[in-house]
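Below is one structure, written out as structure tokens; comments come after it.
Just so it is clear, none of the values below were taken in a lab; they were calculated from the coordinates. These figures come from a predicted structure and were not determined experimentally. Please note: Cβ atoms are built from the backbone with ideal geometry, for glycine as well, and neighbour counts cover all protein chains shown.
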Amino acid sequence: EDQVTQSPEALRLQEGESSSLNCSYTVSGLRGLFWYRQDPGKGPEFLFTLYSAGEEKEKERLKATLTKKESFLHITAPKPEDSATYLCAVSKLRGNTGKLIFGQGTTLQVKP
Amino acid sequence: GAVVSQHPSWVICKSGTSVKIECRSLDFQATTMFWYRQFPKQSLMLMATSNEGSKATYEQGVEKDKFLINHASLTLSTLTVTSAHPEDSSFYICSARLAGTYEQYFGPGTRLTVT
């Protein structure tokens, strides 16, 4: 069965304390893996797409990496404004619609 | 770029009435749009995939006669919740797939409360 599992569920960091969020996936053929950020009461904001193992992408303090079984979202020297829920999703090769299978998310809180 | 809007951002309706939510891609064309539902502290649940000019594809367990989807143009999809009941109260979010990619860009969401 296709599955996306994120860990931890919640993460509390001090400002400047770097850490990583994990997204493990089990799908029959990966087309792409996506990271989103969601603030309370808002729609998800697109961060990254990763298509193949070994691929890495960076944006400001965030860096996403991909292996054949999991993806990591590394947060370097986080700031309070990085506090949000981070969602991971995968798109399967089969089918052309590109629908996404989401994980449950990791809620990050960064304290000043 | 890749901005998606939703209207209204929140709506309160009485039980038994119908509510329409609009989803627009503002600066790109979207042959495929998606409708999600999100409960508090939970992840997104895909309700249906909306293709321009054809019938929507509903996920298992989603009543297509209750949640009517119309993808009338390359920039507009609508979700109508018919005969709404309190259990339909939720946060509804749409997304649009950027042509040539599998990236989905999300709207800001619509909070529906049925009294």
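Numbers at a glance
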read-out: Three principal axis lengths of the stretch A:1-84 [C-alpha, angstrom, descending]; value: 38, 28, 20
read-out: Assigned charges on the beta-carbon of Lys, Arg, Asp, Glu; chain A dipole about Cα centre (debye); value: 300
read-out: Under 22 Å from residue A:92, Cα to Cα: lysines that are on another chain or at least 8 residues apart; value: A:57, A:68, A:69, B:55
read-out: Likely footprinting exposure, B:62, A:90, fewest C-beta neighbours within 10 Å first; value: B:62, A:90
read-out: Average Cα contact separation per residue, chain B, under 8 Å, 6 or more apart, as relative contact order %; value: 36
read-out: Nearby lysines by direct alpha-carbon distance to residue A:79 (threshold 19 angstrom, same-chain neighbours under 8 apart not counted); value: A:59, A:63, A:111
read-out: Rg to Rh quotient for the protein assembly as shown, alpha carbon positions, Kirkwood Rh; value: 0.97
read-out: Three semi-axes of the equivalent ellipsoid, the stretch B:1-112, Cα gyration tensor, whole Å, largest first; value: 22, 14, 13
read-out: GNM top mover of A:42, A:69, A:92 - chain A, alpha-carbon springs below 10 Å; value: A:42
